[in-house]
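Peer 1: Below: one structure in structure tokens.
The values are calculated or read from the model by the stated rules, or taken from the named source; none is laboratory data. Because the structure is predicted, anything quoted here is derived from the model rather than measured. Reconstructed Cβ throughout: ideal geometry from the backbone, glycine too, with neighbour counts over all protein chains shown. Side chains are part of the model used for accessible areas, which takes the heavy atoms of the whole protein and leaves out ligands, DNA and RNA. Shrake-Rupley method; radii C 1.70, N 1.55, O 1.52, S 1.80 Å.
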Amino acid sequence: MRVSSMPETDTTVSNPVIPGFHPDPSVCRAGEDYYLACSSFEYFPGVPIFHSRDLVHWTQIGNALDRPAQLRLPLESPSSGGIYAPTLRYHDGRFWLIVTNVSGDGNLLFTATDPAGPWSDPIRLPGVHGIDPDLAWDDDGNCWCTTAGVGQIRIDPHTGETFGPPRRLWSGTPGAKAPEAPHLYHIGDYWYLLIAEGGTERCHSVSIARGRTPTGPFEPCPANPILTHRGTEHTIQNTGHADLVQAPDDSWWMVLLGVRPGGGTPGWHVLGRETFLAPVDWVDGWPVVGELSSSLPAPSWPLRPPAVVPGRDDFELSELAPYWISLRHRPPEVCTTKERAGWLTLRARGTSLDDTDVTFVGRRQQHLSCRVRALVDVTEGDGGLAVRLDEQHHYDIEASPGKVRVRARIGPLSTVVASRPTPPGPVVLRIETAGVHTVNDARTGPDVVSIGIEEPDGTFAELVTLDGKYLSTEVAGGFTGRVIGMFAAAGAVHFDWFEYEPAGGRSA
Ligand code: 6LW
């Protein structure tokens, strides 16, 4: 099952091209096909892989780390731990993915002939330290691995062996903090080193330097930062962590992360750091990034929107769709169709979303305004729907036989905010989020999260409306974004279907 981003008109591209929590994008091209990977932190499976034929429409084709041998996330690992930024490259007819598991085995390298998978077991890199690892090959076949915080070292990508001590290449702009997200490219007569600096919040930026060899020395671009929205009122903020790719027509493009805050300045964002696209030109041997906006002129080639995946999952397939993610590992008890044909059965491990070892299966919230519904049978357990950022920031509606209750967890505060009896039998739970848009897509808030059930005649019986600001990154911190899904708090909970629907206008 393929999950596609929003369709666009033929003349414009709407940014983000991959809405929702899809940070630290890394892109590569193989012939006419583009592939993109993002970080995934405490979620399993990890590192979503996307495919595109036009750089504009992206379809999730899998997750690179989809088995425990590849992705070990200790149950006590914190939210926003786990899998940090990847680099995805195509070299010598194979796909290469390098990533850091900050809660487990450090820097790991994977290969695949098909980016949809299966990907290999990890090639460990004990001699590679730091985060945001990058891979680049020179014309002599040497493979250079560059990381944030340590520098560059030559590796054997087949064995993980490292050669010589690491060397520092460039520390970025004097005075700018957190040089990270390095990517090395051989373009024309130069080797270019692209980095992010300023930190992944409102000061985030993209800078670049160049040298004659992959090991430098590097001279910084006189126009650095080549991209930033810091100090502006732009509706897209925190722009940084970029990667460059050349199209078959020789044009250049940049994917990068950004956020869309609401509530005025500095505001708050709820969908996490999303993947954006920007055009790049070259002037005097330096890249010049075109305007990054929520609506871009389309590239010169025909756009190829793939089939949009329906937002409803009836759990009829033996495999969960690739957009489904769980916490720290997919619970072995998740049985789709085996126990009840066409139902998803979740067996409780923890007792609530406060626990790091909770049975939760969710999908990234990709629209400021959306409606989520699910039919749940709690004759054998307790469970329901939740919208979460982390263990300390989530809103849940939990059904148990004959009643539902809504609980809000905001930092140290946790309280049942509403409850009511329910008719016997399965019940439809509903969560609606609404982020109010104004001119130019700037969201002035408020964010609201309405939670309730559906009466037998389908009408929405709202139990409570909560302030969505408390499920934002500016309140909760961290590197992820909202995930909405199903959970089990006791026994076995059966879900017949789950439906995610964007509401209102273009609110992606
Ligand atoms: C990522 C690094 C960063 O590895 O945050 O703030 C980390 N910058 O580039 C997680 O996204």
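Peer 1: List the relative contact order of the chain as a percent without decimals, with contacts defined as Cα pairs under 8 Å and 6+ residues apart. Mind showing how you got there, number by number?
Peer 2: On the way: 1461 pairs, mean separation 75.8, N = 508.
Here the relative contact order equals 15 percent.
Peer 1: Using only alpha-carbon positions, what ratio does the radius of gyration of region 180-226 give when scaled by 2.2 N^0.38 Å?
Peer 2: Rg over 2.2 N^0.38 Å, computed on Cα atoms: 1.16.
Peer 1: Please state the charge dipole magnitude for region 30-136, taken about the Cα centre, from unit charges on C-beta atoms (+1 on K and R, -1 on D and E), reported in debye and rounded to the nearest 20.
Peer 2: Its charge dipole is roughly 140 debye.
Peer 1: Collect residues whose amide H, placed 1.01 Å from N in the peptide plane, falls under 5 Å from the amide H of Ala418; neighbours closer than 5 in sequence don't count.
Peer 2: Val406
Peer 1: Apply the Karplus curve 6.51 cos²θ - 1.76 cosθ + 1.60, θ = phi - 60°, to the phi angles in region 231-242 and return the couplings in whole Hz, x for Gly and Pro.
Peer 2: After applying 6.51 cos²θ - 1.76 cosθ + 1.60, I find x, 10, 9, 4, 6, 10, 10, 6, 5, x, 6, 9 Hz.
Peer 1: Hey, what's the Cα Rg ratio for region 106-207 versus the globular rule of thumb, 2.2 N^0.38 Å?
Peer 2: Its radius of gyration relative to the 2.2 N^0.38 Å reference: 1.14.
Peer 1: Give me the accessible area per residue for the chain, probe 1.4 Å, as a whole number in Å². Don't jump to the answer; show the numbers that get you there.
Peer 2: Working: 18130 Å² over 508 residues.
Value for the chain: 36 Å² per residue.
Peer 1: If amide hydrogens are placed 1.01 Å from N in the peptide plane, which non-local residues have theirs closer than 5 Å to the one on Leu327?
Peer 2: Sorted by chain and number, the residues that satisfy this are Phe44, Phe360.
Peer 1: If amide hydrogens are placed 1.01 Å from N in the peptide plane, which non-local residues have theirs closer than 5 Å to the one on Phe21?
Peer 2: Correct list: Gln365.
Peer 1: While we're here: Given region 215-306 reduced to its alpha-carbon atoms as identical point scatterers, what log10 I(q)/I(0) does the Debye formula return at q = 0.11, 0.14, 0.20 Å⁻¹?
Peer 2: -0.39, -0.61, -1.07
Peer 1: Looking at region 253-301, I'd like the Rg to Rh ratio, where Rg is from alpha-carbon atoms and Rh is Kirkwood's inverse mean 1/r.
Peer 2: Numbers: Rg = 13.6 Å, Rh = 12.7 Å.
When Rh is taken as the Kirkwood radius, the ratio is 1.08.
Peer 1: Restricting to Cα atoms and excluding each atom paired with itself, what does the Kirkwood estimate give for the chain in Å?
Peer 2: About 23.2 Å for the chain.
Peer 1: Express the carbon and sulfur contribution to the solvent-accessible surface of the chain as a percent, rounded to the nearest whole number, probe 1.4 angstrom.
Peer 2: 53 percent
Peer 1: For region 254-267, in order, what is each residue's ³J(HN,Hα) by Karplus, 6.51 cos²θ - 1.76 cosθ + 1.60 with θ = phi - 60°, in whole Hz (x at glycine and Pro)?
Peer 2: 10, 9, 7, 9, x, 10, 10, x, x, x, x, 9, x, x
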